[in-house]
Amino acid sequence: RRSRPPPIPLHLWAMMLKTIAAALAVAAFFLFLAGPGLKAWFTDDQLMNLFQASDKPAAELAFQPDRPVANLAMRGLWELFGFHPRPYRVVSFALLLLNLALATALAWRLSQSGVTALLFAVLFSYHACLTDLYFSTATLYDILCFTFTFAALLWHATLRTQSRTPGWRQIAGICLLSAMAIGSKEMAVALPLLHALIEWLYGDRRHWLTPILSAAVCAAFLARFLIHSGFQANASYRTSYTLKTFWANWQHYQGMLFYQFRNWSPLATKITLAICLILPALLRRRESWFASAVALVTPLPVLFIEPRNLYAFYIPYFGFCLLASAALTKLAIRRWPPFDLAVVLALLLIPRHLAAREWANA
């Protein structure tokens with residue numbers, strides 16, 4: 001006779017129920033604030049992308065240098081739904097919820113703290129200035145880039161935090177996800193550096209094959225994009241490698257990030273960057289170093305071109321949220337029960353989100 005598996009202890013059942021309740025609460029928080037985007041109509045950029053995706057054979061889209069993965073996804077949505085806007089929004093929201101789950105799982109893996117992961121989820125779940133993600137399927141490129149980037153990072157982090165060395169199958173899977181990420185949008189160019197940081201912080205500092213092969217994959221895609229892409233002729237993508245552009249763009253994005261818009265000063269911009277550099281040393285938590293790298297390194301592709309809305313900071317936003325949640329965990333874990341702290345944080349954020357949402361949505 002086969003022996004029956006031992007029953008799951010009651011405390012594990014209680015933990016599972018709390019986790020499910022927290023996940024549902026965060027998802028409801030996101031849908032409450034971002035929900036109007038489900039009713040959005042087509043945008044001009046989306047119509048342009050749909051035309052470009054439907055005008056070429058799928059095989060040609062797969063081998064073009066300009067974001068082939070996201071273009072194929074757009075082609076698939078067009079074939080399925082045509083000119084019916086609601087399914088596009090439903091797919092986008094499903095991916096946004098998936099990205100929230102991936103990002104929260106990575107925050108938990110890196111911090112090994114349920115409190116940090118819960119606080120991160122509340123912070124990351126919604127930002128009024130990410131409104132393009134909620135209202136325009138044209139940002140499918142950014143959404144998919146985030147999905148594949150964080151799937152690759154979560155896979156790698158899961159292996160290394162469990163003291164497991166990636167085998168050839170795992171490395172091949174991570175490299176495939178890296179290719180899908182940079183094939184969706186160029187913001188994934190920093191992915192190999194983040195793999196290297198995971199190896200440095202959580203590995204044994206001898207197994208660098210994953211970052212190296214990921215870098216090779218990303219470099220091949222990026223080189224083809226830079227050489228053959230038509231984006232270089234677009235004035236909106238023309239680069240200006242000057243300190244003036246660098247600081248102006250940082251000020252622009254930080255102003256939106258902190259809901260200060262035109263009131264954010266150059267001094268505040270530099271103080272914020274200094275805090276991002278100093279805080280990990282004060283917190284002495286490994287996830288804070290990773291968060292600082294995401295916040296400061298991943299924005300580089302958009303800091304020397306014409307500024308966008310905050311959707312261009314979708315990946316860097318993870319770093320700022322993880323750094324803030326690590327700091328809150330360090331400061332408040334002995335004074336506040338985790339769920340109470342998360343509820344208070346949400347209640348403090350809701351008025352700020354609602355005040356900015358009307359302006360951002362318009």
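The values are calculated or read from the model by the stated rules, or taken from the named source; none is laboratory data. Note that the structure is predicted; figures quoted are calculated from it, not measured. Don't worry about glycine lacking a Cβ; one is built from the backbone with ideal geometry, like all the others, and counts go over all protein chains shown. The area values use the complete protein model at the heavy-atom level, side chains included, leaving out ligands, DNA and RNA. Shrake-Rupley method; radii C 1.70, N 1.55, O 1.52, S 1.80 Å.
Numbers below:
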quantity: Identity of the residue in segment 267-304, hydroxyl-bearing (Ser, Thr, Tyr), out of contact with any Cys (no Cβ under 9 Å at 6 or more places or on another chain) and under 18 Å from LEU154 (Cα atoms), that ends up surrounded by the fewest Cβ atoms within 10 Å (Cβ to Cβ); calculated: THR298
quantity: Scan of segment 112-130 for residues that are crowded, with 24+ Cβ neighbours inside 10 Å and over 13 Å from the mean Cα position of the chain (by Cα), ordered by number; calculated: THR116, ALA117, LEU118, LEU119, VAL122
quantity: Residue in segment 39-49 that is more than 24 Å from the chain's Cα centre (by Cα), more than 22 Å from LEU177 (Cα to Cα), modelled with pLDDT under 90 and open to solvent by 30 Å² or more (accessible area, probe 1.4 Å) present; calculated: no
quantity: Residue in segment 322-330 that is at pLDDT below 95, under 21 Å from ARG284 (Cα atoms) and assigned to a loop (DSSP other than H, G, I, E, B) present; calculated: no
quantity: Condition met for PRO338 (buried (at least 17 other Cβ atoms within 10 Å of the Cβ), out of contact with any Cys (no Cβ under 8 Å at 6 or more places or on another chain) and modelled with pLDDT of 95 or more); calculated: no
quantity: Residue in segment 61-77 that is in contact with a helix residue (DSSP H, G or I) (Cβ under 8 Å, 6 or more places away or on another chain), surrounded by fewer than 18 Cβ atoms within 10 Å (Cβ to Cβ), closer than 30 Å to GLY319 by Cα and of a type in the set (S, T, N, Q) present; calculated: no
quantity: Single unsatisfied condition, LEU17 versus (1) in a helix (DSSP H, G or I); (2) surrounded by fewer than 16 Cβ atoms within 10 Å (Cβ to Cβ); (3) at pLDDT 90 or above; calculated: (3)
